[in-house]
Structure formats: C-alpha cells, structure tokens
Amino acid sequence: MNLIASFVQPYLAFILGAAYNLQQTLEGLRVHGSNYLVRNTAGQIVDSYWNASQAVALPLLGVLAFSCVLLGLFLVALRSLAGWRGVWIAVAVLGLPGLLSALGWWPEIHWLPRSYNVGSGVLGSPWGMFALLAISLSSGWTAVILATKTFALDDRFRHGYDQF
C-alpha cells in the first residue's frame with residue numbers, strides 16, 4: 001500500500017464505520033432499506049436482492065461531506081477560542097492516526113459491523129456507533145462555540161444550553 005493510501009486509511013475506515021451504522025439504523029427505522037428490485041422491460045418484478053454495500057453509498061456520501069464541512073468549522077471554532085496555536089495543535093492531533101498508520105503502528109480497529117442485519121433491533125458495531133457519537137459530539141461543540149462567538153452570547157446562553 002502506498003504512503004498516501006495508508007495515511008488516509010484510518011479516516012476512511014472511521015467514516016465508513018459511521019456510514020454503515022447509520023445505514024443499519026435507517027434500515028431498522030425503515031427509512032432507507034437494502035432490498036433492491038430487478039424489473040423487466042414491462043415493469044414487472046423479476047428478481048430481488050439484498051446489498052448492504054450498495055445501500056450504504058448514500059449515507060457514506062452524506063457522512064463524508066458532513067465530515068469535511070465539520071472539520072473546517074471545527075478548526076474555525078477552535079481558532080476563535082485558542083488562536084492559531086490551538087489550530088496547529090489540533091491539526092497535529094488529528095493527523096496523528098494517519099501518521100501512525102503510515103508508519104504501521106496504527107491498530108486494526110473494526111469499525112464495520114461483523115454482520116449486517118435486515119430489520120429493526122440492531123444498531124451495528126460498537127466502534128461504528130462510537131464514530132457516530134464522536135461526529136455528533138464534535139458537531140454540537142462546534143455549533144455552540146460558533147453561535148456563542150458569532151452572536152456574542154453571554155453566560156445566560158451557556159447556562160441555558162447546559163440545562164437543555
């Protein structure tokens with residue numbers, strides 16, 4: 001594996017794990033399924049198949065796009081709090097998994113679920129849920145910091161948000 005691919009691998013695995021767990025949840029809620037129908041030229045159903053890899057394409061695209069936007073906003077929020085020194089420290093910390101992966105020292109974490117279950121009652125893998133939780137937590141922190149700085153909100157907002 002070349003150097004760039006090994007550097008990017010932990011980040012893509014993280015996002016793919018989040019997307020698979022999001023798809024598993026959407027499948028359980030019956031919002032976005034993994035069952036596909038094959039129709040003939042007359043429009044009649046001639047075959048049906050299950051494909052989790054095909055179904056996860058849309059959540060993967062959404063999580064990937066959201067993560068790119070979140071990274072930029074996260075760095076802007078961090079700059080408003082800690083200045084450029086904080087941004088450079090954050091970039092170094094966020095780049096650490098890629099660097100360790102390129103050196104071959106990054107552990108093999110199974111972000112994907114071991115099996116994909118059709119229907120409700122299954123959330124996916126614990127590591128994939130951790131990926132969704134980390135993205136959600138970062139989103140909330142970023143939104144609150146940017147709202148506080150942009151609208152010059154005071155302690156009453158922060159206390160109200162804490163209570164919420």
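The values are calculated or read from the model by the stated rules, or taken from the named source; none is laboratory data. Source: prediction; values computed, not measured. No Cβ is skipped: glycine too gets one built from the backbone with ideal geometry, and neighbour counts run over all protein chains shown. Accessible surface areas use protein heavy atoms only, side chains included; no ligands, DNA or RNA. Shrake-Rupley method; radii C 1.70, N 1.55, O 1.52, S 1.80 Å.
When you filter the trypsin sites (Lys or Arg not before Pro) in the stretch 1-99 for DSSP loop state and at most 16 other Cβ atoms inside 10 Å of their Cβ, you are left with R30. With the helix formula -39500 (n - 2.57) applied to DSSP H stretches of n ≥ 4, the chain reaches a computed 222 nm mean residue ellipticity of -23500 deg cm²/dmol. Reducing the stretch 73-92 and the stretch 1-72 to their Cα centroids gives an inter-centroid distance of 31 Å.
In whole percents, the pair-distance distribution calculated for the stretch 87-145 from its alpha-carbon pairs, binned every 10 Å from zero, is 18, 33, 33, 14, 1. Label sites at A143 and S53, each approximated as a point 7 angstrom past Cα along Cα to Cβ, lie 3.5 nm apart.
Per the Debye calculation on the stretch 47-113 with a single equal scatterer at every Cα and no solvent contribution, log₁₀ I(q)/I(0) for q = 0.16, 0.26 Å⁻¹ amounts to -0.80, -1.08. Distance between the 7 Å Cα→Cβ label points at A92 and A152: 3.5 nm. In plain terms, the chain from N2 to L70 could stretch by 21.8 nm, reckoned as 0.36 nm per residue minus the Cα-Cα distance.
Remark: relative contact order (the stretch 1-121) = 43 percent; criterion is Cα-Cα distance under 8 angstrom and separation of 6 or more residues. The stretch between Y36 and S115, if pulled fully straight at 0.36 nm per residue, gains 26.6 nm over its current Cα-Cα span.
Accessible surface computed residue by residue for the stretch 56-164, with neighbouring protein chains in place and a 1.4 Å probe, gives 69 Å² per residue.
Placing +1 on the Cβ of every Lys and Arg and -1 on the Cβ of every Asp and Glu, with nothing else charged, gives the stretch 1-145 a dipole about its Cα centre of roughly 240 debye. Normalised by 2.2 N^0.38 Å, with N the number of residues, the alpha-carbon radius of gyration of the chain equals 1.30.
Quick one: with all protein chains in place, what share of the accessible area of the chain is carbon or sulfur, to the nearest percent (1.4 Å probe)? Before the final figure, lay out the partial values.
Details: 7450 of 10970 Å².
Reported share for carbon and sulfur atoms: 68 percent.
For the chain, hydrophobic long helices are taken as DSSP H runs at least 15 Å long by C-alpha position along their axis with mean Kyte-Doolittle hydropathy of 1.6 or more; these are 57-103.
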